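For reference, the structure is listed below as structure tokens.
The values are calculated or read from the model by the stated rules, or taken from the named source; none is laboratory data. The structure presented is a predicted model; accordingly, all values stated were derived computationally and were not measured. Quick reminder, even Gly has a Cβ in these numbers, built from the backbone with ideal geometry, and neighbours come from all protein chains shown. Note: areas computed on protein heavy atoms with side chains; ligands, DNA, RNA excluded. Shrake-Rupley method; radii C 1.70, N 1.55, O 1.52, S 1.80 Å.
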Amino acid sequence: IFVSGGNSSGKIFQDHGTVYATEMYDRDTDSWSLMAPHTTPRNYHSTSLLMPDGRIWQAGGDCGHCAPDGSSAGFNHHKNGQFYSPPYLFKADGSPADRPVIDSAPTGENGVVASTSFNITMSGSGANSIADFNIIKLSSVTHQINTDVRRLSLDFTNNGNGSYSVDAHDNINVMTPGYW
């Protein structure tokens, strides 16, 4: 779980009291850690999106007092984005961490459907010793709220040589139709 953005004033369309700190939850230790802060206010009408490579894209935010001339007149937007790269994507020396590569997996809206099984093949570092399979539903954010974000842990069988049989969740009300 990654948390960023917001303000301490509770006022929309304002950058006053922006919270720049980001936090990440570690389920293994049941604790939160402060991460590197973001550099642009991400308040009302901002968005964050988990990218396929594990980075988090953050963008947008409205600011009613941020007119180009510095006055409080007009309405402006933070028309930029930035990527957050979590520490687990790197080794201690700062180089990219070794990661397995997904060679084949279902894709598209009908690629992973509730009550089905599917195969995944992997190669590279750790491909033969995957400990968890999780899927995250592609969703959207508006007004800083993502009402359809879902992460599901899936049962699987390790077939050896980087090949896995994975079972989708059996309840369509939990694993709703869409892109996973």
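For the stretch 38-59, which residues satisfy the criterion of being part of a loop (DSSP other than H, G, I, E, B), surrounded by 12 or more Cβ atoms within 10 Å (Cβ to Cβ) and more than 13 Å from the chain's Cα centre (by Cα)? Explain how you work it out, then say what you get.
Our first condition is that a residue be part of a loop (DSSP other than H, G, I, E, B); within the stretch 38-59, this holds for 38-45, 51-55.
Pick out the ones that are also surrounded by 12 or more Cβ atoms within 10 Å (Cβ to Cβ) and you get 38, 40-45, 54-55.
Correct list: HIS38, THR40, PRO41, ARG42, ASN43, TYR44, HIS45.
Please work out if ASP148 is more than 24 Å from HIS38 (Cα to Cα), surrounded by 10 or more Cβ atoms within 10 Å (Cβ to Cβ) and modelled with pLDDT under 90.
Criteria met by ASP148.
For the stretch 93-104, which residues satisfy the criterion of being part of a loop (DSSP other than H, G, I, E, B), at pLDDT below 95 and either surrounded by 15 or more Cβ atoms within 10 Å (Cβ to Cβ) or of a type in the set (D, E, K, R) (or both)?
ASP98, ARG99 - these are the residues of the stretch 93-104 that are part of a loop (DSSP other than H, G, I, E, B), at pLDDT below 95 and either surrounded by 15 or more Cβ atoms within 10 Å (Cβ to Cβ) or of a type in the set (D, E, K, R) (or both).
Working only within the stretch 1-37, note down all residues that are part of a strand (DSSP E or B) and surrounded by 15 or more Cβ atoms within 10 Å (Cβ to Cβ). Before the answer, list the steps.
Of the residues in the stretch 1-37, the ones part of a strand (DSSP E or B) are 2-3, 7, 18, 22-26, 31-35.
If the condition is that a residue be part of a strand (DSSP E or B) and surrounded by 15 or more Cβ atoms within 10 Å (Cβ to Cβ), then ASN7, THR18, THR22, MET24, MET35 are the ones that fit.
Which condition does GLY74 not pass, out of (1) open to solvent by 50 Å² or more (accessible area, probe 1.4 Å); (2) on the phi < 0 side of the Ramachandran plot; (3) at pLDDT below 90, if it passes all the others?
Of (1) open to solvent by 50 Å² or more (accessible area, probe 1.4 Å); (2) on the phi < 0 side of the Ramachandran plot; (3) at pLDDT below 90, only one is false for GLY74: (2).
Please specify each residue of the stretch 76-90 satisfying the condition of being among the basic types (Lys, Arg) and closer than 16 Å to ASP53 by Cβ.
If the condition is that a residue be among the basic types (Lys, Arg) and closer than 16 Å to ASP53 by Cβ, then no residue fits.
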